[in-house]
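Engineer: To start, I am sharing the structure in question, which I have written as structure tokens.
The values are calculated or read from the model by the stated rules, or taken from the named source; none is laboratory data. Quantities reported herein were computed from a predicted structural model and do not represent experimental measurements. Note that each Cβ is placed from the backbone with ideal geometry, even for glycine, and that neighbours are counted across all protein chains shown. Surface areas here come from the heavy atoms of the whole protein model, side chains and all, with no ligands, DNA or RNA. Shrake-Rupley method; radii C 1.70, N 1.55, O 1.52, S 1.80 Å.
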Amino acid sequence: DQFDNLDKHTQWGIDFLEKYAKFVKERIEIEQNYAKQLRNLVKKYCPKRSSKDEEPRFTSCIAFFNILNELNDYAGQREVVAEEMGHRVYGELMRYSHDLKTERKMHLQEGRKAQQYLDMCWKQMDNSKKKFERECREAEKAQQSYERLDNDTNATKADVEKAKQQLNLRTHMADENKNEYAAQLQNFNGEQHKHYYIVIPQIYKQLQEMDERRTIKLSECYKGFADSERKVIPIISKCLEGMILAAKSVDEHRDSQIVIDCFKSGFEPPGDFPFEDYSQNIYRTISDGTISTPKQEGMRIDSKTTVGKAKGKLWLFGKKPKPQSPPLTPTSLYTSSTPNGSQYPIFSIEPVHYCMSDIKTGKPRIPSFRSLKRGYLYLQGPALEDFSHLPPEQRRKKLQQRIDELNRELQKETDQKDALIKMKDVYEKNPQMGDPGSLQPKLAETMSNMDRLRMEIHKNEAWLSEVEGKVAARSDRRHSSDINHLVTQGRESPEGSYTDDANQEVRGPPQQHAHPSEFDDEFEDDDPLPAIGHCKAIYPFDGHNEGTLAMKEGEILYIIEEDKGDGWTRARRHNGEEGYVPTSYIDVTLEKNSKGA
């Protein structure tokens, strides 16, 4: 009898289910916005690596960028949480809510139909009851009328017979209505019993099962909601551990060393300034407490000349001296030529003691930190091919980097040449596979590139040996105690440092670090390549050509180099024998994250 209340309760259950689905949807939006904002934050602070010079070098910067990467992975895990919630919780809730509404509607319709049928049976029974009651009243009236006429002496016999017939008719109709009422009553009682003991309990049981399934589904969604978060906790923990490891990787000593290596110029510290005596032409009484210099022949100097030379050290920041300066004034402006023939002025600054070195002492001229200023002036002109515009130490590093890059390019060209030669041999042996002549232009281009790269390497190694020789010479001169040799007029080397030997300008080409044969031996002495997978021979291969490896059908080999597009794969037997085999003759299986057999 609580059909309406159950209707309201099931509707409340569906509304609550949809309310929780809306909550999950809003949580998903929060996770998505959070992940998006994290990714935007990472993108904002990630370096724009447009060139190698902008790559982070300091451990603190590298650690920060590693933290950004871990944070980006963390944002990805938040997206995984949102996706898992959307698929496993929200999507499932919406589908189940639709099915629940359909099922509830069906059960309620069945209950309403049962109730309507019972009401119909009650109406039929009630109508038969009312009809039976009405006929009984009519029969009583007919009986009263018959009895009155029968007792009335004035009534005729016809009236009495007529009243008797009317009584019999009403009595018969009352009996029929009585039977009809009894049948309808029995039918209604049966339907009512069936309704309350079979039909409605079955419908209510179905509604109860539906509501219990809804409750179970909510419980599963609650669990799935938490599982979506719990699944990513191990990965999030790894992200946080990565941030901690990045923080621990910061090395202040290494950062300091990077700064030292970055700004190390290779120039020597400035020497002591000599005493400049301007009182030589002033007559004074020599006493024990007076500072003076012994008079020597050829050492007399004009005070005006000395003063003019003392002002000469400020040419870069002041006025250039007039051409009638004494011959001892160093050159303040010279022209340097670039490989393309362009010229640009370079100012050089000389210490004051250069002007007096030929007069006062025999100590060699030592470059000072002031010559570092030349580096900024060099930046006004185009960068030179040999990096002579840089300080010696930075020039050595740049040259070494260029040599390493050229060696890598040369190795690539060498591998390409070997592949072309192998392909040409295959074409010559099997003309149906291709025309050997079609590979000749590419092979000639590769050989030309190799020659060009070797020349570049030779030239850069010559510059490197020159720089290293001069750095070593300066180091030896810095630690030498013999400083009483004659002073020669200084010359400025391409990298902006000074040299004391005039013959260094005409010395022969520098010696290379390694002979070309020694360069080739470096690759021949390398350790065997690690295996990156294995293969099984599908067809036999004779391997008559040089560099190929014969194999039998079904033989298992190690893969040490993948096919680079030339149709050949480098393989190795168990005994260490290596060679190339046709890729189409084998079934290759590569190992993921292989570190070698």
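Engineer: Relative to the Cα centre, what is the charge dipole magnitude of region 531-588, using +1 at the beta carbon of each Lys and Arg, -1 at the beta carbon of each Asp and Glu, and rounding to the nearest 20 debye?
Structural biologist: It comes to approximately 140 debye.
Engineer: Report the gain in length on full extension from Gln143 to Glu468: 0.36 nm times residue separation, minus Cα-Cα distance, nm rounded to one decimal.
Structural biologist: Numbers: separation 325, 0.36 × 325 = 117.00 nm, distance 14.84 nm.
Going from the current span to full extension adds 102.2 nm.
Engineer: OK, next. Tally up the carbon and sulfur contribution to the accessible surface of region 531-588 as a whole percent, 1.4 Å probe, everything protein left in place.
Structural biologist: Details: 1500 of 3150 Å².
In region 531-588, the share of accessible area belonging to carbon and sulfur is 48 percent.
Engineer: Let me cross-check Tyr74: its accessible surface, 1.4 Å probe, with only protein heavy atoms counted, in Å² to the nearest 10?
Structural biologist: 40
Engineer: Pulled fully out, how much extra length does the chain show between Met94 and Ile244, if you take 0.36 nm times their separation in residues and subtract their Cα-Cα distance?
Structural biologist: 49.9 nm
Engineer: Here is a further query. Grab the Cα-Cα distance for Lys429 and Glu409, subtract it from 0.36 nm times how many residues apart they are, and report the gain in nm with one decimal.
Structural biologist: 4.2 nm
Engineer: As a test question: what accessible area, to the nearest 10 Å², does Phe541 have when a 1.4 Å probe is rolled over all protein chains in place?
Structural biologist: Here the accessible area works out near 30 Å².
Engineer: Still on this model: Obtain the nm distance between the two label points defined at Gln37 and Leu443 by a simple spin-label model: each point lies 7 Å from its Cα along the Cα-to-C-beta direction.
Structural biologist: 6.5
Engineer: Can you give me the C-alpha center-to-center distance between region 112-165 and region 533-590, rounded to a whole angstrom?
Structural biologist: Spelled out, the Cα-based centre of one part sits 114 Å from the other.
Engineer: Give me the one-decimal nm value for the distance between modelled label points at Thr156 and Asn179, 7 Å along each residue's Cα-to-Cβ direction.
Structural biologist: Spacing of the two 7 Å Cα→Cβ label points: 3.6 nm.
Engineer: Separate question: Pairs Lys19/Lys105; Lys48/Lys417; Lys36/Lys217; Lys123/Lys205; Lys48/Lys398; Lys25/Lys101: which are spaced more than 25 Å apart, C-alpha to C-alpha?
Structural biologist: Distance filter (> 25 Å) returns Lys48/Lys417; Lys36/Lys217; Lys123/Lys205.
Engineer: Something else about it: Using +1 at the Cβ of each Lys and Arg and -1 at the Cβ of each Asp and Glu in region 1-257, identify which of Leu167, Leu245, Thr156 lies farthest towards the dipole's positive end.
Structural biologist: The Cα lying farthest towards the positive end belongs to Leu245.
Engineer: Which residues' amide hydrogens lie under 5 Å from the amide hydrogen of Ile538, considering only partners 5 or more residues apart or on another chain, with H built in the peptide plane?
Structural biologist: Those lying under 5 Å, H to H, from Ile538 are Gly554, Ile586, Asp587.
Engineer: So, counting K/R as plus one and D/E as minus one, what does the shell of residues with Cβ under 12 Å around Arg254 add up to?
Structural biologist: On the way: positive: Arg57; negative: Asp251, Glu252, Asp255, Asp261.
So the surrounding residues net to -3.
Engineer: Any idea how far apart Tyr278 and Ile30 come out in nm if each label point goes 7 Å out from Cα toward Cβ?
Structural biologist: 8.1
Engineer: For Gly579, enumerate residues with amide H under 5 Å from its amide H, sequence gap 5+ or separate chain, H modeled in the peptide plane.
Structural biologist: Hits under the 5 Å cutoff: Ala571.
Engineer: A further question on this structure: What does a probe at Glu385 reach in region 441-463, counting residues whose amide N is under 19 Å from the point 7 Å along Cα→Cβ?
Structural biologist: What the label zone holds, given the 19 Å backbone N cut-off, is 448-463.
Engineer: While we're on this one: Run the Debye formula on the Cα coordinates of region 134-202, all scatterers equal and no solvent, and tell me log10 I(q)/I(0) at q = 0.23 1/Å.
Structural biologist: Taken in order of the listed q values, log10 I(q)/I(0) reads -0.89.
Engineer: For Lys264 and Thr589, what is the calculated FRET efficiency with R₀ set at 51 Å and r taken between the beta-carbons, to the nearest 0.05?
Structural biologist: Efficiency for this residue pair is about 0.50.
Engineer: Once you compute Rg and the Kirkwood Rh from C-alpha atoms, what is the Rg to Rh ratio for region 390-473? Please report the intermediate quantities before stating the final value.
Structural biologist: On the way: Rg = 18.7 Å, Rh = 14.9 Å.
Rg/Rh: 1.25.
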